[in-house]
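Visitor: Have a look at the structure that comes next, please.
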Amino acid sequence: MRELRIITMREFFAYFATPLAYVFLVIFLAGAGAVTFFIGDFFSRRQADLFSFFSFVPWLFLVLIPAVGMRLWAEERKSGSIELLMTLPVTTGQAVGGKFLAAWLFTGIAVVLTFPLWISVNYLGDPDNGVILAGYVGTMLMAGALLALAGCLSALTRNQVIAFVVGTAASFLFMMSGLDLVLSVFKGWAPPYVIDMISALSFLTHFQTISQGLLHLPALVFFATMIIVCLFINIQIVELKKAG
């Protein structure tokens, strides 16, 4: 646990070693405010809730999460520091877990900094804070799953730009897989269980269930499973690269 904590703190503070982290935070917070109060028609709806924020946060994550995750391993491989990291008395699992937790913590700070939105809706009305809290829980779970996925893809390349583009594309596919527009492509020829399997992989569908105030067990299990599976795959990729 000590090694995991050290790697987590090392990676977390590394985000703030350059102005890029602050740029990401500012862009995310500006985007969160814009989609909540302007694009989401907060004032015209005349309802004190964060429905508009939680409706758009998955699409904000399509930019933020791949940007955070692209450096997890691509930068290590490009600079050659991955060899140094692997010579330290830590396991590959600890290295992968530490990097993931640091990225998740950084994303958590971005999410927590949206607290003025929560304060605003409580000032303007009487929202259901239980639903809002559930929405934030779902937001963090979805962020964790997207980060674990981005970490896998980052481990496959030395180029951060490629990691970002591929991470964004993969995240978009997982977001869209449960929509009727996508499922209609398969309904003409694929058996029902294949369609159900594709639909079940949708991050958006599971997140919407939680953001409505329902801590639905299948949705919680889905995000937890995605994180565990992607981290396991990440470990195997790093092991293969190290062996090569």
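Visitor: What number of residues within the stretch 118-136 satisfy the criterion of being assigned to a helix (DSSP H, G or I), surrounded by fewer than 15 Cβ atoms within 10 Å (Cβ to Cβ) and touching a residue at least 40 places away in the same chain (Cβ under 8 Å)?
Guide: Step one: filter the stretch 118-136 for residues assigned to a helix (DSSP H, G or I), giving 118-124, 129-136.
Within this subset, residues satisfying the condition of being surrounded by fewer than 15 Cβ atoms within 10 Å (Cβ to Cβ) are 119, 122-124, 129-130, 133.
Right, trim to touching a residue at least 40 places away in the same chain (Cβ under 8 Å) and you get 122, 124, 130.
So the answer is 3.
Visitor: If you go through the stretch 192-228, how many residues are surrounded by 14 or more Cβ atoms within 10 Å (Cβ to Cβ), assigned to a helix (DSSP H, G or I) and polar (S, T, N, Q)?
Guide: So the count comes out to 5.
Visitor: Here's a follow-up. Provide a single number: the residues in the stretch 40-75 that are part of a helix (DSSP H, G or I) and either modelled with pLDDT of 85 or more or under 13 Å from the mean Cα position of the chain (by Cα) (or both). Steps first, please.
Guide: Going residue by residue through the stretch 40-75, those that are part of a helix (DSSP H, G or I) are 42-45, 51-69, 74-75.
Subsequent filtering for residues that are either modelled with pLDDT of 85 or more or under 13 Å from the mean Cα position of the chain (by Cα) (or both) retains 51-69.
Qualifying residue count, the stretch 40-75: 19.
Visitor: Next question, about the same structure. Please go through the stretch 26-48 and pick out each residue that is buried (at least 18 other Cβ atoms within 10 Å of the Cβ) and in contact (Cβ under 8 Å) with a residue 24 or more places away in the chain. Even if it seems obvious, please write down each step before you answer.
Guide: Let us first name the residues in the stretch 26-48 that are buried (at least 18 other Cβ atoms within 10 Å of the Cβ), namely 28, 32, 35-36, 40, 42.
Passing the criteria: Phe28, Ala32, Val35, Thr36.
Visitor: Looking at Leu231, Leu181, Leu141, Leu147 in this structure, which one is surrounded by 19 or more Cβ atoms within 10 Å (Cβ to Cβ), farther than 20 Å from Val57 by Cα and not charged (D, E, K, R)? Quick ask: steps written out before the conclusion?
Guide: Working: Leu181 fails: surrounded by 19 or more Cβ atoms within 10 Å (Cβ to Cβ); Leu141 fails: farther than 20 Å from Val57 by Cα; Leu147 fails: farther than 20 Å from Val57 by Cα.
On inspection, the qualifying residue turns out to be Leu231.
Results for (1) at positive phi; (2) of a type outside the set (Ser, Thr, Tyr), shown as yes or no for each residue.
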| position | (1), (2) |
| --- | --- |
| Ala169 | no, yes |
| Met175 | no, yes |
| Gly188 | no, yes |
| Tyr193 | no, no |
| Leu201 | no, yes |
| Phe207 | no, yes |
| Gly213 | yes, yes |
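Visitor: For Ala170, indicate whether it is out of contact with any strand residue (DSSP E or B) (no Cβ under 6 Å at 6 or more places or on another chain) and modelled with pLDDT of 90 or more. Before the answer, list the steps.
Guide: Values: out of contact with any strand residue (DSSP E or B) (no Cβ under 6 Å at 6 or more places or on another chain): yes; modelled with pLDDT of 90 or more: yes.
Yes, satisfied.
Visitor: Test each condition in (1) surrounded by fewer than 13 Cβ atoms within 10 Å (Cβ to Cβ); (2) in a helix (DSSP H, G or I) for Val165 and report the one that comes out false.
Guide: Of (1) surrounded by fewer than 13 Cβ atoms within 10 Å (Cβ to Cβ); (2) in a helix (DSSP H, G or I), only one is false for Val165: (1).
Visitor: Considering the stretch 171-185 alone, what residues qualify as being closer than 19 Å to Gly144 by Cβ and among the hydrophobic types (A, V, I, L, M, F, W, C)?
Guide: Narrowing the stretch 171-185 to residues closer than 19 Å to Gly144 by Cβ: 171-175, 177-178.
Those that are closer than 19 Å to Gly144 by Cβ and among the hydrophobic types (A, V, I, L, M, F, W, C): Phe172, Leu173, Phe174, Met175.
Visitor: With respect to the numbered conditions (1) closer than 18 Å to Thr107 by Cβ; (2) surrounded by fewer than 19 Cβ atoms within 10 Å (Cβ to Cβ), which one is the sole condition not fulfilled by Ile65?
Guide: Condition not satisfied by Ile65: (2).
The values are calculated or read from the model by the stated rules, or taken from the named source; none is laboratory data. Nothing here was measured: the structure is a model prediction, and the numbers come from that model. Ideal geometry is used to build each Cβ from the backbone, glycine not excepted, and the neighbour counts take in all protein chains shown.
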